[in-house]
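One structure is given here, and the rest of the page talks about it.
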Amino acid sequence: MADNSRQLLEIQYLRALAALAVVAYHAGQRPGLPFGIGAAGVDVFFVISGFVMWIVTAQRPITPLLFLRNRLVRIVPLYWCATLGLVVLAAAVPALIPNLRPDAERVLMSLFFVPHRDPLGDIHPVLVPGWTLNYEMFFYLLFALVLALPRAVQLRAMTAILGALVLAGLVLSLPGPLFATYTRPLLLEFLAGMWLAEAWLAGRLPGRAAGLAMMLLGCAMLVALQVTGTYSDPWRVVIWGVPSLLIVTGTLAVAPGGLGRLPLAKWLGDASYSIYLTHQLVVGLMWKGFGWLPGIGFVALCLVASSIIGIASFHLLERPVTEALKRLGKRQAATPQPA
């Protein structure tokens with residue numbers, strides 16, 4: 001088995017690139033700069049999520065309830081702060097976010113990761129980037145369920161469950177955002193990350209030369225899609241998911257002695273969740289103040305501003321709150337219970 005800390009450092013670099021790609025995608029929409037493949041950063045995140053969950057639970061066995069608790073501690077506080085902060089801001093300064101008029105029901109469904117349609121008919125929560133968290137939380141729930149099984153059958157069980165859900169979505173035509181979300185082929189990207197992690201644990205990844213070729217091929221595929229303007233939502237798991245898997249796999253294969261320590265990339269990777277959740281508000285504010293900039297200049301400004309805000313959010317809010325909740329959980333676990 002390879003050096004875990006070394007490998008996961010490269011995963012942090014990928015998280016940084018994925019987050020910034022999504023920022024560039026949304027920033028480019030404002031001045032009309034086409035950068036559709038930037039949204040594939042989400043697909044990279046999904047592959048990484050499956051990879052990390054399988055690695056972490058292999059290194060340290062964990063109960064389903066503790067796994068869910070850890071995931072909630074990691075995901076919920078910042079998401080709730082960002083969502084409620086956006087709602088308060090929209091109520092206090094309506095002109096700043098004129099299109100946001102959420103009612104109480106929609107806010108509650110957003111906070112508790114219940115897929116629902118927004119006023120435009122899209123399956124989006126109040127904080128639009130949070131749509132990906134609906135998939136993440138559903139994946140975590142299924143992952144927790146298979147953790148109750150022996151380790152030897154967990155990966156096959158998850159494969160069967162996700163395969164059955166996607167197949168149901170293909171052969172059935174049921175209405176409603178819940179069915180549309182929980183049967184979408186996009187879920188297979190988490191599964192691909194898990195199988196990649198299993199190969200990594202077994203030392204079955206390709207060599208560095210092949211890994212570099214996979215990275216370049218994945219990037220070339222995304223560039224070709226961007227140049228040709230090719231996109232199909234039903235085929236997203238293929239046209240964006242496959243290149244994302246190639247890039248993550250190639251990075252892991254190249255990593256031993258490859259990329260080295262990159263402090264800025266590490267900082268951005270650590271703050272990638274904060275960057276992701278805060279970037280759309282940052283882009284909106286930048287557009288109001290600096291929309292007069294040339295398109296490329298505006299995107300560059302948004303990348304810098306989102307990085308700064310994201311890093312600040314990570315150090316001032318995300319990490320302190322997460323660590324405090326973890327300490328609280330450990331104290332509660334250590335407290336003797338009455339007989």
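Express the C-alpha Rg of segment 118-198 as a ratio against the empirical globular expectation 2.2 N^0.38 Å, rounded to two decimals.
On the way: Rg = 13.9 Å, N = 81, 2.2 N^0.38 = 11.7 Å.
Its radius of gyration relative to the 2.2 N^0.38 Å reference: 1.19.
Kindly provide the pair-distance distribution of segment 1-107 built from C-alpha pairs, with 10 Å bins from 0 and whole-percent values in order of increasing distance.
In order of increasing distance, the bins hold 12, 26, 35, 20, 7, 0 percent.
For the ranges 13-21, 161-169, what's the packing order if you count other beta-carbon atoms within 10 Å of each residue, average per peptide, and put the highest first?
13-21, 161-169
By average Cβ neighbour count within 10 Å, what is the ranking of 217-228, 71-82 from highest down? Please list the in-between numbers first.
Numbers: 217-228: 15.1, 71-82: 17.8.
So the peptides 217-228, 71-82, ranked by packing, come out 71-82, 217-228.
Relative to the Cα centre, what is the charge dipole magnitude of segment 42-154, using +1 at the beta carbon of each Lys and Arg, -1 at the beta carbon of each Asp and Glu, and rounding to the nearest 20 debye?
Values: 8 positive and 6 negative charges, 88 e Å.
Dipole of segment 42-154, to the nearest 20 debye: 420 debye.
When 1/r is averaged over all different Cα pairs and the result inverted, which Kirkwood radius in Å belongs to segment 286-336? Could you put the intermediate results ahead of the total?
Values: mean 1/r = 0.0736 Å⁻¹.
Result for segment 286-336 stands at 13.6 Å.
For the chain, what is the calculated [θ] at 222 nm in deg cm²/dmol (nearest 500), taking -39500 (n - 2.57) for each run of four or more DSSP H residues and dividing by its residue count? Could the numbers behind the result be given before it?
Values: 15 runs with 241 residues, N = 339.
Helix contribution divided over all residues of the chain: -23500 deg cm²/dmol.
What aspartates and glutamates could a cross-link reach from K326, if we take a straight Cα to Cα line under 17 Å and drop same-chain neighbours fewer than 8 places away?
Straight-distance partners of K326: E318.
Please report, in cubic angstrom per residue, the volume enclosed by the convex hull of the alpha-carbon atoms of segment 130-266. Intermediate results must be reported in sequence, preceding the final value.
Details: hull volume 20.8 nm³, N = 137.
Considering the Cα atoms of segment 130-266, their hull volume per residue is 152 Å³.
Compactness ratio of segment 48-161: Cα Rg over 2.2 N^0.38 Å, N = residue count?
Numbers: Rg = 17.1 Å, N = 114, 2.2 N^0.38 = 13.3 Å.
So segment 48-161 has a normalised radius of gyration of 1.28.
How fast does the chain diffuse by Stokes-Einstein, in µm²/s, taking the Kirkwood radius from C-alpha pairs at 20 °C and 1.002 mPa s? Walk me through the intermediate numbers first.
Numbers: Rh = 21.1 Å.
The diffusion coefficient I find is 101 µm²/s.
At 15 angstrom or more along the helix axis (alpha-carbon based) and mean Kyte-Doolittle of -0.5 or higher, what helices does the chain contain? Whole DSSP H runs only.
On the way: long enough: 4-29 (38 Å, 0.35); 41-59 (27 Å, 1.68); 64-92 (41 Å, 1.40); 131-147 (25 Å, 1.42); 151-171 (30 Å, 1.57); 188-201 (20 Å, 1.15); 208-228 (30 Å, 1.67); 241-254 (19 Å, 1.84); 272-290 (25 Å, 0.62); 295-313 (26 Å, 2.16); 319-334 (22 Å, -0.86).
Flagged H segments are 4-29, 41-59, 64-92, 131-147, 151-171, 188-201, 208-228, 241-254, 272-290, 295-313.
Per-residue counts of other Cβ atoms within 10 Å, averaged by peptide: what ranking do you get for 266-273, 105-112, 308-315, 45-52, highest first?
Details: 266-273: 21.4, 105-112: 16.6, 308-315: 18.2, 45-52: 24.5.
Averaged packing, sorted descending, gives the order 45-52, 266-273, 308-315, 105-112.
Every number here is computed from the coordinates shown, using simple stated rules; none is lab data. Since we're looking at a predicted model, the values are computed, not measured. So basically every Cβ, Gly included, is an ideal-geometry build from the backbone, and we count neighbours across all protein chains shown.
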